[in-house]
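Participant: Supplied in structure tokens, the structure appears directly below.
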Amino acid sequence: MNVFSLLKSDIEGQILVLETEGVLPAGTDSSRITVEPPRDAAHGDAATNAAMLLGKAAGLKPRDLAEKLAEKLRDIDHIDHVEIAGPGFINLRMADRFWLSQVVAVLENGTAYGNGDLGRGERVNVEYVSANPTGPMHVGHCRGAVVGDVLANLLAKAGYAVTKEYYINDAGAQVDVLAKSLHLRYREALGENIGDIPAGLYPGDYLVEPGKKMAARDGDKWQKADESAWLEEFRQFAITEMMDLIRADLALMGVAHDVFTSEANLVAKGKVQQAFDFLEKKGDIYVGVLEPPKGKTPDDWEPRPQTLFRSTEFGDDVDRPLKKSDGSWTYFASDIACHFDKYERGFNTMIDVFGADHGGYVKRMKAATKAITGGEGDLDVKLCQLVNLLENGEPVKMSKRAGTFVTLRDVVERVGKDVVRFIMLTRKNDATLDFDFAKVTEQSRDNPVFYVQYAYARVKSVFRQAAEAFPEGDFSDVALKKADLGLLTSVDEKHLVRRIAEWPRIVEQAAIAHEPHRIAFFMTEIAADFHALWNKGRDTTTLRFIVADDLATTTARLAMIRSFALVIASGLDVVGVAPVEEM
């Protein structure tokens, strides 16, 4: 339960009372009212702008309306103190029992605490990775894989029906290059000396094994054949091999997609033509001549009639070509068809996770989505900036196997998927991230994934110690729910309990903003609160979680830290990281 949503419901209930008393007109719109923690914790537990928003409707100064609303709120049992601030903000301080009830709620719900109905089952499509099937995944794909996967998990926790999708770009010229590169490795497998890999082909060793497979399957059938005879065969074989490689790389990260959509299949099924016909019928297609590119005009640019989409009508900077000079579809035309296909499959809400090099693609795709769905579809694009791989501050050298980059597999096999997934969320997706192998594996508070997992492990350690100190004690979740939580009286304990109760709100806000990094940030912050309380117990015996000869206080504190551990486990589950019981 989001406690701040509960407080908003309390306020909305009192607004209805004020309506019946004639203070506010019937049917007053309270949808824009917010209830959230104040910037300064000294002002209370929550603050609302209700009187500021509704003063005009009441024909009163906001502060005067705040006085009337505050009078009603003071009668609510779990609100301990109400104060009016500034021109009409209302600050609330909740009774201790209000916050302590959330400890019981966590113990009752386990890691499902924080699950919400914000999405109300709305279908959402999250497309991420979508790397060209031309080789193994590199570390840049790694970040997009984590951001997309965790965002999908987050939305599911918030009550959305999420589909994880991978769009295979298998209809472009780069796949022909892949096929030619494979043919070279196939000839090598047959004993030819191929020499240096020609410029323009893929040089990585990852095509050696597929080349051997092709040679074992077909012998020398294609060795001397014309390119026109073998190109399609090698293209399909290469795509299958590369997608198997990519799936295996993703599995190392704990990433599995629900749907793989092929660009080539969309073209073959006429989906691109259908999308084109739909836009043409709406009047969104025309033949025209574009202005030359801004800045220095390329030498090969020439004004010529093109088939264009009126993307400027939907928020883009320029209209966009849908056909090449040879009459084939542009990448953009296929991408429009992909989103049209998603819409036809029932997804009004779509999220694409792109690499930083796709920044110029955002406006045109949002425009296309608006046009192709008649304004009913919504597309949010999350751009993932670069990851700088470092070793003690020095750049990491490239992978020989990949040829030109560090692979995702290289990184995961070195530090483990849990470290990679968590660290990829320690910066917002649109900020560059430094990934230093030395720092992400050190066991210190400066390493966030260690810091969070260590907090969980410490809780497990406390429970083992408690079982030894109180052999007769029952510290199951069922028993802990019956603990006398009124014994949690210190400022630090109350602070941790409040932080535990924030978790459902964090989930909700992160889901609304489509910002999965907020989960990692919260995990780090609440772990710091726990570690601080632990450290105080080392110096002050009365604050220790296990109090000798005081089973009641010990049980209450164990209930608190068990609920904390469940919130940590809940958050790590969203991130896709396993909690660690011993470190």
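Participant: Tell me the residue from Gly191, Gly200 that is over 27 Å from Val577 (Cα atoms), modelled with pLDDT of 95 or more and outside any helix (DSSP H, G or I), please. Break it down into steps so the answer makes sense when it comes.
Facilitator: Working: Gly200 fails: modelled with pLDDT of 95 or more.
Of Gly191, Gly200, the one residue that is over 27 Å from Val577 (Cα atoms), modelled with pLDDT of 95 or more and outside any helix (DSSP H, G or I) is Gly191.
Participant: Considering Asp96, Asp77, which residue is out of contact with any strand residue (DSSP E or B) (no Cβ under 7 Å at 6 or more places or on another chain) and in contact (Cβ under 8 Å) with a residue 40 or more places away in the chain? Reasoning before the result, please.
Facilitator: Details: Asp77 fails: in contact (Cβ under 8 Å) with a residue 40 or more places away in the chain.
Of Asp96, Asp77, the one residue that is out of contact with any strand residue (DSSP E or B) (no Cβ under 7 Å at 6 or more places or on another chain) and in contact (Cβ under 8 Å) with a residue 40 or more places away in the chain is Asp96.
Participant: Could you pull out the residue among Glu36, Glu12 that is within 29 Å of Asn115 (Cα to Cα), among the acidic types (Asp, Glu) and in contact with a helix residue (DSSP H, G or I) (Cβ under 7 Å, 6 or more places away or on another chain)?
Facilitator: Numbers: Glu12 fails: in contact with a helix residue (DSSP H, G or I) (Cβ under 7 Å, 6 or more places away or on another chain).
After applying the criteria, what remains is Glu36.
Participant: In addition: Which one is modelled with the highest pLDDT among residues in the stretch 436-464 that are in contact with a His (Cβ under 9 Å, 6 or more places away or on another chain) and of a type in the set (Lys, Arg)?
Facilitator: Going through the qualifying residues, I end up with Arg458.
Participant: Within the stretch 22-34, identify whether any single residue is surrounded by 16 or more Cβ atoms within 10 Å (Cβ to Cβ), in a helix (DSSP H, G or I) and over 34 Å from the mean Cα position of the chain (by Cα), and answer yes or no.
Facilitator: No: the stretch 22-34 contains no residue that is surrounded by 16 or more Cβ atoms within 10 Å (Cβ to Cβ), in a helix (DSSP H, G or I) and over 34 Å from the mean Cα position of the chain (by Cα).
Participant: Still on this structure: Which of the residues that make up the stretch 310-346 are within 15 Å of Tyr167 (Cα to Cα) and not in a helix (DSSP H, G or I)?
Facilitator: Arg345
Participant: State whether one or more residues within the stretch 364-385 are surrounded by 16 or more Cβ atoms within 10 Å (Cβ to Cβ), part of a loop (DSSP other than H, G, I, E, B) and out of contact with any strand residue (DSSP E or B) (no Cβ under 8 Å at 6 or more places or on another chain). Outline the logic, then answer.
Facilitator: Our first condition is that a residue be surrounded by 16 or more Cβ atoms within 10 Å (Cβ to Cβ); within the stretch 364-385, this holds for 364-373, 377, 379-385.
Narrowing further to those that are part of a loop (DSSP other than H, G, I, E, B): 373, 377, 385.
Imposing the further condition that a residue be out of contact with any strand residue (DSSP E or B) (no Cβ under 8 Å at 6 or more places or on another chain) reduces the set to 373.
Yes, some residue in the stretch 364-385 is surrounded by 16 or more Cβ atoms within 10 Å (Cβ to Cβ), part of a loop (DSSP other than H, G, I, E, B) and out of contact with any strand residue (DSSP E or B) (no Cβ under 8 Å at 6 or more places or on another chain).
Participant: Given the criteria closer than 20 Å to Ile168 by Cα and touching a residue at least 60 places away in the same chain (Cβ under 8 Å), does Gly359 qualify? Steps first, answer last, please.
Facilitator: Numbers: closer than 20 Å to Ile168 by Cα: yes; touching a residue at least 60 places away in the same chain (Cβ under 8 Å): no.
It is false that Gly359 is closer than 20 Å to Ile168 by Cα and touching a residue at least 60 places away in the same chain (Cβ under 8 Å).
Participant: Kindly list the number of the only condition in (1) out of contact with any Ser or Thr (no Cβ under 7 Å at 6 or more places or on another chain); (2) surrounded by 18 or more Cβ atoms within 10 Å (Cβ to Cβ); (3) modelled with pLDDT of 90 or more that fails for Ala402.
Facilitator: Every condition holds for Ala402 apart from (3).
Participant: Would you call Arg414 more than 27 Å from Arg538 (Cα to Cα) and either in contact with a Pro (Cβ under 6 Å, 6 or more places away or on another chain) or assigned to a helix (DSSP H, G or I) (or both)? Break it down stepwise before answering.
Facilitator: On the way: more than 27 Å from Arg538 (Cα to Cα): yes; either in contact with a Pro (Cβ under 6 Å, 6 or more places away or on another chain) or assigned to a helix (DSSP H, G or I) (or both): yes.
Against the criterion (more than 27 Å from Arg538 (Cα to Cα) and either in contact with a Pro (Cβ under 6 Å, 6 or more places away or on another chain) or assigned to a helix (DSSP H, G or I) (or both)), Arg414 qualifies.
Participant: Out of Ala532, Ala466, Ala455, report the one residue that is touching a Gly at 6+ places or on another chain (Cβ under 7 Å) and either more than 28 Å from Tyr160 (Cα to Cα) or acidic (Asp, Glu) (or both). Outline the logic, then answer.
Facilitator: Values: Ala532 fails: touching a Gly at 6+ places or on another chain (Cβ under 7 Å); Ala455 fails: touching a Gly at 6+ places or on another chain (Cβ under 7 Å).
Result of the check over Ala532, Ala466, Ala455: Ala466.
Every residue, every condition in (1) closer than 30 Å to Lys157 by Cα; (2) in contact (Cβ under 8 Å) with a residue 12 or more places away in the chain, yes or no:
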residue: Ser31; (1), (2): yes, no
residue: Val35; (1), (2): yes, yes
residue: Ala51; (1), (2): no, yes
residue: Leu54; (1), (2): no, yes
residue: Pro62; (1), (2): no, yes
residue: Val82; (1), (2): no, yes
residue: Phe89; (1), (2): no, yes
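Participant: With the requirement that a residue be crowded, with 23+ Cβ neighbours inside 10 Å and part of a helix (DSSP H, G or I), what does the stretch 155-174 give you?
Facilitator: Leu155, Lys157
Participant: Going by what's in this entry, would Glu241 be described as part of a helix (DSSP H, G or I) and either in contact (Cβ under 8 Å) with a residue 24 or more places away in the chain or surrounded by 13 or more Cβ atoms within 10 Å (Cβ to Cβ) (or both)?
Facilitator: Working: part of a helix (DSSP H, G or I): yes; either in contact (Cβ under 8 Å) with a residue 24 or more places away in the chain or surrounded by 13 or more Cβ atoms within 10 Å (Cβ to Cβ) (or both): yes.
In short, yes.
The values are calculated or read from the model by the stated rules, or taken from the named source; none is laboratory data. All values reported here derive from a predicted model rather than from experimental measurement. Heads up, the Cβs are rebuilt from the backbone with ideal geometry, glycines too, and the neighbour counts pull from every protein chain shown.
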